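These notes concern the structure reproduced below.
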Amino acid sequence: MTQNKVTMLGNLPPRDVLAAGSVNIVAKSTEELVASLADRSRVILSCGGGMPPGVSSENIAAFVRAVRG
């Protein structure tokens, strides 16, 4: 739709997944988000709305690992 001229922000649900989910749920949800993208070249993967309070370091690490593949 944007002819690869716009960078999109792709979001993982911050409260329900990143903060409240297990490491496995964070990894699986992030892997599904990445897999849904036909082209990752113009996408910034993040958690929507910013980092919620109380997110564990383990969940952040699971997100980063899943993004890196």
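No lab work stands behind these numbers, since they all come straight from the coordinates. Predicted model only: the values in this text are computed from it and were never measured. Note: ideal-geometry Cβ built from the backbone for every residue, glycine included; neighbour counts use all protein chains shown.
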Requested in this report: Go through GLN3, VAL34, GLY21 and say which Cα lies farthest out towards the positive end of the charge dipole of the chain; charges sit on Cβ, +1 for Lys and Arg, -1 for Asp and Glu.
Outcome: GLN3
**Report entry** Inter-label distance, nm, simple model (7 Å from Cα along the C-beta direction), ASN24/MET1
**Finding:** 3.5 nm
Requested in this report: For the chain, set up a Gaussian network in which alpha carbons nearer than 10 Å are linked by springs, and say which option among SER29, SER56, SER46 fluctuates the most.
Outcome: SER56
Report summary line: Expressed as a whole-number percentage, the relative contact order of segment 10-69 with C-alpha contacts under 8 angstrom and at least six residues apart is 53 percent
Query - Separation of the SER46 and ASN11 label points, Cα + 7 Å toward Cβ, nm - result: 1.0 nm
